[in-house]
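Enquirer: Next up is a structure, given as structure tokens.
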């Protein structure tokens with residue numbers, strides 16, 4: 001079962017007897033668990049009809065006993081197993097017969113970071129359509145996520161504003177959701193969130209400064225690039241985050257430069273490089289400052305800078321020197 005299929009099923013009021021949620025995207029897993037529990041049990045009867053177990057602490061039989069217990073004063077009870085990846089092989093063996101014949105009056109939910117699909121336990125779950133994987137969202141999918149989050153809270157967000165927010169935050173869905181909540185409050189009675197709104201709430205953040213640093217280095221604007229770097233270090237930002245932000249930016253510039261060299265049309269560049277059209281001209285302007293070979297060398301230098309900073313090198317000096325070389 002896909003996350004979308006589970007979402008559709010829940011909207012129709014269909015509550016599964018078994019559901020094993022796993023993957024890298026813990027934010028979406030936690031949200032899905034919350035929706036399942038909201039549907040499965042009456043909050044006023046939660047004390048009677050809800051049990052939580054942790055994989056590392058469970059022997060399996062305790063989960064089975066709870067799942068086979070009849071609900072009190074309700075049609076259904078729920079059992080949640082957190083960090084289910086820590087369940088031992090013996091526990092999975094004990095759980096297997098229950099998974100093959102689950103109780104119709106229980107919603108048994110597992111949440112986990114990973115699984116081993118070769119094991120009989122997971123093969124049985126797959127057979128029953130109970131496995132739901134939440135993969136890390138690719139950057140080109142973040143705009144849709146942001147649009148959906150904003151609409152769910154009653155506001156539209158401009159495509160360019162969503163693009164800026166995803167560029168600033170990256171694929172940290174928890175942080176993106178938090179920033180969208182701030183934007184909802186900040187924009188008050190307005191029905192649409194704009195680029196200016198995103199800039200207003202982000203201008204003092206480390207993420208915005210890192211975003212600006214990438215832009216200034218790409219433009220070879222040494223003065224503003226060094227001001228941005230100084231601001232990041234003054235605010236206590238760590239070198240790996242700064243280097244990572246610069247590496248992402250220059251990988252994107254490398255892709256734009258390749259497409260420019262192929263004389264690709266701008267709509268193709270936007271799509272292939274995953275750049276919102278609102279920011280495309282800025283990125284093209286920056287990419288034109290470098291040859292493909294220059295960008296390859298910059299990425300190599302960033303990698304070397306990362307290793308040196310983690311091996312005792314003075315991070316500020318290393319980054320200051322690197323930026324001067326790029327902009328020089």
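Enquirer: Quick one: angle between helix 292-310 and the longest Cα principal axis of the chain, in degrees between 0 and 90, rounded to 10, please.
Expert: So the inclination is approximately 60 degrees.
Enquirer: Per 10 Å bin from zero, what fraction in whole % of the C-alpha pairs of region 205-328 is there, up to the bin with the longest pair?
Expert: 13, 46, 31, 9, 1
Enquirer: Using Cβ counts within 10 Å as a stand-in for footprinting exposure, how do 320, 249 rank, fewest first?
Expert: Exposure proxy ranking, most exposed first: 320, 249.
Enquirer: Mind checking the full-extension length gain between residue 39 and residue 116? Use 0.36 nm per residue of separation minus the Cα-Cα distance, one decimal, nm.
Expert: Once the chain is fully extended between residue 39 and residue 116, it gains 24.8 nm.
Enquirer: Taking 0.36 nm per residue of separation and subtracting the Cα-Cα distance, what length does fully extending residue 151 through residue 294 add?
Expert: Taking 0.36 nm per residue and subtracting the Cα distance, the gain is 47.3 nm.
Enquirer: Set the Förster distance to 25 Å, then compute FRET efficiency between residue 100 and residue 65 from the Cβ-Cβ distance, nearest 0.05. List each step's numbers first, then the result.
Expert: Numbers: r = 17 Å, r/R0 = 0.67.
Approximately 0.90, to the nearest 0.05.
Enquirer: Points 7 angstrom from Cα along the Cβ direction at residue 219 and residue 12: gap in nanometres?
Expert: Once both label points are built, they end up 5.3 nm from each other.
Enquirer: What angle, in degrees between 0 and 90 and rounded to the nearest 10, separates the Cα long axis of helix 159-169 from the longest principal axis of the Cα atoms of the chain?
Expert: 90
Enquirer: Please compute the contact order of region 1-153 in relative form: average sequence separation of alpha-carbon pairs under 8 Å and at least six residues apart, divided by the residue count, as a percent.
Expert: On the way: 239 pairs, mean separation 52.7, N = 153.
For region 1-153, the relative contact order is 34 percent.
Enquirer: Could you work out the relative contact order of the chain, using alpha carbon pairs under 8 angstrom and six or more residues apart, expressed as a whole percent?
Expert: 15
Enquirer: Debye calculation, C-alpha points only, no solvent: report log10 I(q)/I(0) for the chain at q = 0.12, 0.15 Å⁻¹, in the same order as the q values.
Expert: Scattering profile of the chain, log10 relative to I(0): -0.94, -1.12.
Enquirer: Where q = 0.15, 0.22 Å⁻¹, what log10 of I(q)/I(0) comes from the Debye formula for region 139-202, counting one point per Cα?
Expert: -0.34, -0.78
Enquirer: Using helices alone, I'd like the mean residue ellipticity at 222 nm for the chain: each DSSP H run of four-plus residues gives -39500 (n - 2.57), total over residue count, nearest 500.
Expert: -19000 deg cm²/dmol
Enquirer: Got the relative contact order for region 139-202 handy, in percent, Cα pairs under 8 Å and 6 or more residues apart?
Expert: For region 139-202, the relative contact order is 39 percent.
Enquirer: Could you calculate the contour length gain from residue 159 to residue 268, that is, 0.36 nm times the residue separation minus the distance between their Cα atoms, to one decimal place in nm?
Expert: 37.5 nm
Enquirer: Another question, then. With 10 angstrom as the radius, rank 103, 321, 223 by how many other C-beta atoms surround their C-beta, starting from the fewest.
Expert: Least crowded to most crowded, the residues run 223, 321, 103.
Enquirer: Now a separate question. What is the angle, in °, between the Cα long axis of helix 89-100 and the longest principal axis of the Cα atoms in the chain? Nearest 10 is fine, range 0 to 90.
Expert: Tilt relative to the chain: about 70 degrees.
Each reported figure results from applying straightforward, stated rules to the coordinates on display, with no laboratory input. Remember, it's a predicted structure, so these values are computed and weren't measured experimentally. Methodologically, a virtual Cβ is constructed for each residue, glycine included, from the backbone with ideal geometry; neighbour enumeration extends over all protein chains shown.
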